[in-house]
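A.B. asks: Once you've had a glance at the structure underneath, I'll fire off some questions.
The values are calculated or read from the model by the stated rules, or taken from the named source; none is laboratory data. Please read these numbers as outputs of a predicted model, since none were measured by experiment. Positions of Cβ are backbone-derived with ideal geometry, glycine not excepted, and every protein chain shown enters the neighbour counts. Protein only, heavy atoms only, side chains kept; ligands, DNA and RNA dropped before computing areas. Shrake-Rupley method; radii C 1.70, N 1.55, O 1.52, S 1.80 Å.
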Amino acid sequence: MIATIVHTDELLQTIAASVIAGIGVTFLFSLGIWGAGQFTELSRGERPVAATAAALVGAVALLCVAGAVVTGIVVMTHK
């Protein structure tokens, strides 16, 4: 019998999860920054409905980032 030193399936799952999470969280954070910037610009241009929509998109994106961070901490502490 040959001992399994590296569990390839688990390693590939970890790599895939980290790549997806890294790209996803980065995109969501950039969407939050975009929403804040658009809110500022649109409120200066006296477009309150569009400014509110941009602020809502930014806030939801930042809440998703916070949720991802909390989820990551919970997963790390329970394994």
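A.B. asks: Can you work out ³J(HN,Hα) from phi for every residue in the range 69-75, in order, using Karplus 6.51 cos²θ - 1.76 cosθ + 1.60 and θ = phi - 60°, giving whole Hz and x for Gly and Pro?
C.D. replies: Result, rounded to whole Hz: 5, 5, 4, x, 5, 5, 5.
A.B. asks: In nanometres, what is the gap between the two model label sites at Thr8 and Met76, each 7 Å from Cα along Cα-to-Cβ?
C.D. replies: Rounded to a tenth, the inter-label distance reads 3.0 nm.
A.B. asks: Determine the share of the chain's accessible area contributed by carbon and sulfur atoms, expressed in whole percent, with a 1.4 angstrom probe.
C.D. replies: With neighbouring chains kept in place, the figure for the chain is 74 percent.
A.B. asks: Find the accessible area per residue for the chain; the probe is 1.4 Å, ligands and nucleic acids are left out, and the unit is Å².
C.D. replies: About 80 Å² of surface per residue is accessible.
A.B. asks: When the helices in the chain are scored as -39500 (n - 2.57) per DSSP H run of 4 or longer and the sum is shared across all residues, what 222 nm value do you end up with, to the nearest 500 deg cm²/dmol?
C.D. replies: Value at 222 nm, helices only: -31000 deg cm²/dmol.
A.B. asks: Suppose accessible area is computed on protein heavy atoms with a 1.4 Å probe; arrange Leu12, Leu31, Leu62 from highest to lowest.
C.D. replies: Result of the area sort, largest leading: Leu12, Leu62, Leu31.
A.B. asks: Something else: Give the long-range amide H neighbours of Arg47: residues separated by 5 or more places, or on another chain, with amide H under 5 Å away, using H modelled in the peptide plane at 1.01 Å from N.
C.D. replies: Counting only residues 5 or more places away or on other chains, the set is empty.
A.B. asks: State, to one decimal in nm, how far the label point of Ala21 lies from the label point of Glu46, with both points 7 Å from Cα in the Cβ direction.
C.D. replies: In this crude label model, Ala21 to Glu46 measures out at 4.8 nm.
A.B. asks: Percent relative contact order of the chain, based on C-alpha pairs within less than 8 angstrom and at least six residues apart?
C.D. replies: 29
A.B. asks: Ratio of Rg to Rh for the chain, alpha carbon only, Kirkwood?
C.D. replies: Result: Rg/Rh = 1.29.
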